[in-house]
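What follows is a short report on a single structure.
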């Protein structure tokens, strides 16, 4: 079974695709650039969504739902915004099909042309701020803290399962505030929530930072981000939180009267993470035998495989298993007893290894006699015998250990992959031969950033929030610089 | 406050719109026929979704996600299906915008025309069955029990908030089976789940039945439905479950090999409920003062309003309330303490009445002295004094009572609104002057059904599952009939 997966060494990109397809997370679809999220992948997304949703609600946000369609004219209202999205818009122009009178089958009915074309939302700032205009009059209506779980469409030319698809699922928070400071605090709070989620739940260390002008969200004053590192040394932007200033309030004329009855434009934020996180999760931890999922998000945390000959042994095992499965479930452990007789134990072992189930329990007749089970960790492959007595407590401990352990492994990898470079040669050598983040001086201009990108295919991933000032000279131009920034080739 | 709502007597349709808008459930949007679901409305939908989702999972279904877009050619593959949906399709024809070189602003880029147009899914049978083709080979892959929560678009010309919108949210189950019987059993099981949800959670009695040919889902062999009755005597289809036979398997060539290695087409079902249920919920129970929500689905079950003069009294109340709010929350009651000082108690009373919060607790300084609170039921307006001692238990009991009570009220209304008619005059008189379901004989032909619809604006809502055979003659043609069916004017 494991032979079917291309190794990372051999072809990292194919390894990734193999994991997604053979791990049962997603499938290609008949529609260019769109994927089908399969039940196992969707269960993973549901777990991620539920945790994030609770974090949002615990910080006072409410969910709502806005239209899929955005009138073309709305997109144009914020100049930078339309500049950023015009080239990848799916456009609805008609609202009816009809049978071709000339026998050409089913055609678009030319009489059903929309007066104004509708864009499938690539993000919802414009339709939402157009609505906020009617919801916000006074400081009493602020802050307005709203999140939406939705599908969005960006017509990407080169797509990859989860990482970049024409349609994807995400959440987008859109908040409105009375002051710039409150909006900035919200932007930073949501960045912290994303980082907390990435590290504590996905077991994926991230660097919190702010984007350079070139990499800013179209329409934002500042874009904050969390950046993760994949096993091939490439960076991946895992979430963004934008301080939008008064840009959208001005574009859609959203003003509020403050306590002194003075009118001012509202301050805004928006922030989002998407199904792209699944791609990040897969690449952060998995190995050449398949997925490695963090226990806190795994759809199945423990799989139990019976090993038996004949019905008598099976009955004995069933009975034993039933008792401890019940206890595990009561303790909140997501456990699956796979006694499907169509497949042999060896096939199941490989299958659940492929699917990244954190713990596998095998139980045979001899184990019953000794009152033990065999437990195997997915991450380390470590095999151990465990008494059935006290199994639940030990399984829970072990799941915690795995969660910590895969985080530590990823953290160790990242720690050795943030490397300073002081010359252009060092910089290129690191990118070509080591990978990871390269910490280097840059003169702060968009032009230099463009030039570096052109020459090296690396972009500024972020200016870390915890950066220290340091005088230096730009890696490319030699001009003065006051701090290092993190470069990397990225997904 | 309550004066702002149009009464049912005065204008039922306007009453409904007032409730939706002023109750904070939804808003019109800038996009024709699309609505914005506001946080309070969305919280209601989340509660409904979570209950249904658990019911689906408890019966072995898994969630997945399929593309928003359907290639035009897919829709045409099942003849009846395309016939049913062609006239209301939103069509994507282009994938890019650009700046008009002639200065006309932002235009659709003519160079970015899709080779094949994409339809925004009005329902997903076609894209899903095209995928199932690759997922199903053997009887071992069956049954395949999948559900999807998604947005869909049907370009309706006359729209109404929640009841009929161009875009709406729903779930659509799509299952594949080895035999017709298994598929029929699944269809019926899901109908039972919908009925159970409507009655036990929405407190809305429904009639389970099967649709006539005219009202069948486009592509189904049989459409089962649950039909509810609104307060104006009109019926509302609240959910449908379709037995699709082998229609889609044939259209998309989905075959499986059975245990004897014989190839056969797969048998299918699909079933769905949508945000339309919110419209049904609103109309089933609400009154001229606002929404009446069933406690089991209400986003806020209990609201507490403090009544005080000065900070000392406020502090005393806060302290008391904090204690019993904690206890209520621990018991799983959704409670809100509204001590917002911008609004007066009277305003709050009207506001939560409007929003249909099942129980309102008011507490003032004198109540504290007597160790009681004032409790008011939203459904009956009944006011009672309740000791703080044991409050949680009594509140929970009262919420159960309200749930039962509004169900009983709706049930009593419906019971008196299923009326037999044996002549055309009786039939028309009932429809015009009493409303509700009219139980009448019909000769079983689509032509007669069309004619009746044309003359009376009533349709066959369903042939009830528990129907008894009874010889009679058709209300319109006088031809022979073997059973009565339920007619009504409907939403």
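All of the numbers you see were taken from the coordinates with simple rules; none came from a lab. The structure displayed is predicted, hence computed values, not measured ones. Cβ coordinates were reconstructed from backbone atoms using ideal geometry, including for glycine residues, and neighbour counts include every protein chain displayed.
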What value in Å³ per residue do you get for the convex hull of the alpha-carbon atoms in the range A:1-80? 219
Have a look at the range B:120-260 and give its Rg and Dmax from the Cα atoms, expressed in angstrom. 16.4, 56
How far is residue A:73 from the same spot in each other copy, in nm, shortest first, if each label point sits 7 Å from Cα toward Cβ? 3.8
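Any idea what the relative contact order of chain A is, in percent, if you count C-alpha pairs under 8 Å spaced at least 6 apart?
Relative contact order comes out at 14 percent.
Partner chain Cβ atoms within 10 Å, averaged over the residues of A:67-74 - can you pull that number for me? Don't skip to the end; give the middle numbers.
On the way: counts 14, 10, 11, 2, 4, 5, 3, 2.
Per-residue shielding by partner chains comes out at 6.
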Beyond 23 Å, what share of the Cα-Cα pairs of the range B:56-199 is found? Please give it as a whole percent. 51
With everything on Cα atoms, drop me the angle between helix A:125-135 and the longest principal axis of chain A, reported from 0 to 90° to the nearest 10. 70
So for R0 = 51 Å, FRET eff. of residue B:483-residue B:157 from the Cβ-Cβ r, to 0.05, ends up at 0.90
Provide an ascending nm list, one decimal, of label-point separations from residue B:113 to the equivalent residue in each further copy; define each label point as 7 Å from Cα along Cα→Cβ. 1.2
Give me the percent of Cα-Cα pairs in the range B:197-326 that sit more than 27 Å apart, rounded to a whole number. 51
Kirkwood radius from Cα pairs of the range B:144-210 plugged into Stokes-Einstein at 37 °C, 0.692 mPa s, gives D in µm²/s equal to 231
Overall form of the range A:418-488 per C-alpha gyration tensor (a/c, 1.5; a/b vs b/c): rounded
Write down, largest first, the equivalent ellipsoid semi-axes of the range A:302-398 in whole Å, where each equals the square root of 5 times an eigenvalue of the alpha-carbon gyration tensor. 18, 17, 12
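Among DSSP bridges having both ends in the range A:418-488, what percentage is antiparallel? Round to the nearest 5. Present the calculation step by step, with values, prior to reporting the outcome.
Working: 9 of 12 bridges.
So the antiparallel bridges amount to about 75 percent of the total.
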Sorting from shortest, the nanometre distances separating the label point of residue A:467 (7 Å past Cα along the line to Cβ) from those of the same residue in the other copies are 7.4
Rounded to the nearest 5, what is the percent of antiparallel bridges among the DSSP beta bridges in the protein assembly as shown? 80
Restricting the count to DSSP beta bridges whose residues both fall in the range B:302-401, what percent are antiparallel, rounded to a multiple of 5? 50
The range A:302-362: relative contact order from alpha carbon pairs under 8 Å, six or more residues apart, as a whole percent, is 60
7 Å from Cα along Cα→Cβ at both residue A:189 and residue A:445: what's the point-to-point distance in nm? 4.0
With axes computed from alpha carbons, what is the tilt in degrees of helix A:12-22 against the longest principal axis of chain A, rounded to the nearest 10 within 0 to 90? 70
By count of other Cβ within 10 Å, fewest leading, how are B:448, B:482 ordered? B:482, B:448
I'm a student and want to see the number: the projected area of the Cα convex hull of chain B, averaged over all directions, in nm². 29.7
So what's the Cα pair-distance distribution over the protein assembly as shown, bin width 20 Å, in %? 12, 39, 38, 11, 1
So if R0 is 30 Å, what FRET efficiency would residue B:102 and residue B:80 give, r being the distance between their Cβ atoms, rounded to the nearest 0.05? 0.10
For an R0 of 22 angstrom, estimate the FRET efficiency from the Cβ-Cβ distance between residue B:467 and residue B:428 and round to the nearest 0.05. 0.45
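Report, as an integer, the average count of C-beta atoms from other chains found within 10 Å of each Cβ along A:32-38.
6
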Just report the Cα centroid separation between the range B:170-205 and the range B:403-425, whole Å. 24
Highest mean first, what order results for B:338-348, B:223-233, B:470-480 on Cβ atoms within 10 Å? B:223-233, B:470-480, B:338-348
Can you tell me which of B:351-362, B:99-110 comes out highest on packing, and rank the rest after it, using the mean Cβ neighbours within 10 Å? B:351-362, B:99-110
Output field shielding_mean for A:40-52 (other chain Cβ, 10 Å radius) holds 2
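How large is the direction-averaged shadow of the alpha-carbon convex hull of the range B:83-167, in nm²?
Projected over every direction and averaged, the Cα hull of the range B:83-167 covers 9.2 nm².
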Most to least packed among A:192-199, A:11-18 [average Cβ atoms within 10 Å]: A:192-199, A:11-18
Using alpha-carbon coordinates, inclination of helix B:424-433 to the longest axis of chain B, degrees: 40
